[in-house]
Amino acid sequence: MKIIIVGQYYWPDDFLVNDIAEDLVQRGHQVTVLTGLPDYTTNHVPKEFKGFRRRHEFHNGVEIIRVPIIARHTGFFFRVLNYLSFYINSSIYAHLIGLNADVILSYQTAPILMANAAIILKKRLHRPLFLYCLDIWPDQMKIWGVYEKSPLFKIMLRYSRFAYGSADLVGITSEPFREYLTEVDKVKSGRIIYLPQHAQRMQVKQTENHSDTVNFIFAGNIGYQQNVECILKAAAQIKTNRKFLIHFYGGGSDYQLCCNLARSLDIMDRVKFYGRVPRNVLAEVYPRMDAFLLTLCPASRIGFAANTVPAKFQSYLSAGKPVIAAIDGGAGDIIKECQCGIAVPADDEQALADAMTSFIEHPERYKSCGENGKQYFEKNYEKKIVMNKLEKILKTLICQPQE
């Protein structure tokens, strides 16, 4: 197959779409990625990509075409400019560049506008479009304080219905997304398919903790949506004679805020921040951890995005350690279904403190949780399983007559 993938973020930024594109190449397909300049990790465009350099290159067999963008920097104003610059420039490229494909894949994170170039290519080339929905729109705007009565929300609702409706098939990463897409975005149920995000298996050697300290870990982005403050407030409420330490690996917009909150709560003896680290570092760290922590904001703060299943959850499961979460929706349901840990309501710091205390005081009760999670990962999130399903979806779309 000749496949065009459209998405604002790609290598050297670290997104799962990198794995998807390279795996499809390894399966014998020809893959072209239409993307922006790499700025997600650092909020600025590296100098080696400035001055129209490296706008067309190949990496691990994937053809990469980069369009100019205004870097993310910091703050809402620059974030909007960043999104609009990719929306405009990728749409122009989609009209002008000489590409051909059998199928188009839109890797849709925030915002939905990044799918526009994929829609243009679908209409221009008369080829099917698979829109892989990782962030639900327009509800995702509630994270920024934009709600239903806002004129901007209403505009984005109209565009979201157009974008999702333009796809031949919409892939969802969390089952609760189906309800929102059908009821709000008016997508026909028959055009929605569940395709969870895959995860690289963490090669973790299971070791016994001979330390007298119980070690928890939170690994990943530390932003508003992740609600790391809930973990910190819970840590301040834990009353136990046993030593415990919470390790935070990752950076993000709320990183400094969380560091400051930990100091104000006087819990620096209970937490440790390491910042952003490579995946191979986590593979070395995970064996020393006893349990993983997972949090998201509730729907009252971020809307339907509270039903998202965070990508790091899959990596947690693959490591074979218990998961303790303050989270609603899809991830919470999975934790209860596969009995891989404890799930309490999102933003309930007291319930999270109680769950962590239970684990600290009685770790023997949770011995089977890690193995349960690992087995669930192998059946549902293993990269080969998810990629086999994606490849089948794309091949099926090619065989269907176009409207």
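Where a number appears in this text, it was derived from the coordinates with a stated rule and is not lab data. These numbers come from a predicted model, not from an experiment. When we count neighbours, we look across all protein chains shown, and the Cβ atoms used for this are built from the backbone with ideal geometry, even at glycine.
Miscellaneous remarks
- J(HN,Hα) series, region 367-381, from Karplus relation 6.51 cos²θ - 1.76 cosθ + 1.60, nearest Hz, glycine and proline x: 4, 7, 4, x, 5, 4, x, 5, 5, 5, 4, 4, 7, 10, 10
- Here the relative contact order of region 2-93, from alpha carbon pairs under 8 Å that lie six or more residues apart, stands at 25 percent.
- When you filter the trypsin sites (Lys or Arg not before Pro) in region 212-252 for DSSP loop state and at most 15 other Cβ atoms inside 10 Å of their Cβ, you are left with Lys239, Arg242.
- Selection from Gln226, Ala319, Gln237 lying farthest towards where the dipole of region 213-380 points positive, charges on Cβ: Ala319
- Helix 383-399 axis, angle to the chain major axis (alpha carbon atoms, nearest 10°): 20 degrees
- Principal-axis tilt of helix 76-96 within the chain, Cα atoms, nearest 10 degrees: 30 degrees
- For region 44-163, the share of DSSP beta bridges that are antiparallel, to the nearest 5, is 45%.
- For the chain, the antiparallel share of DSSP beta bridges with both residues in that region comes to about 10%.
- With contacts taken as Cα pairs under 8 Å at a separation of at least 6 residues, region 213-380 carries a relative contact order of 24 percent.
- Distance violations [Cα-Cα > 31 Å] among Lys123/Lys154; Lys47/Lys384; Lys47/Lys389; Lys123/Lys374; Lys50/Lys154: Lys47/Lys384; Lys47/Lys389; Lys123/Lys374; Lys50/Lys154
- Gap separating the Cα centres of region 213-237 and region 84-153, nearest whole Å: 32 Å
- Cα-Cα over 28 Å, subset of Lys233/Lys336; Lys272/Lys383; Lys142/Lys395: Lys272/Lys383; Lys142/Lys395
- The loop-placed chymotrypsin sites (Phe, Trp or Tyr not before Pro) in region 161-259, going by DSSP, include none that has at most 15 neighbouring Cβ atoms within 10 Å of its Cβ.
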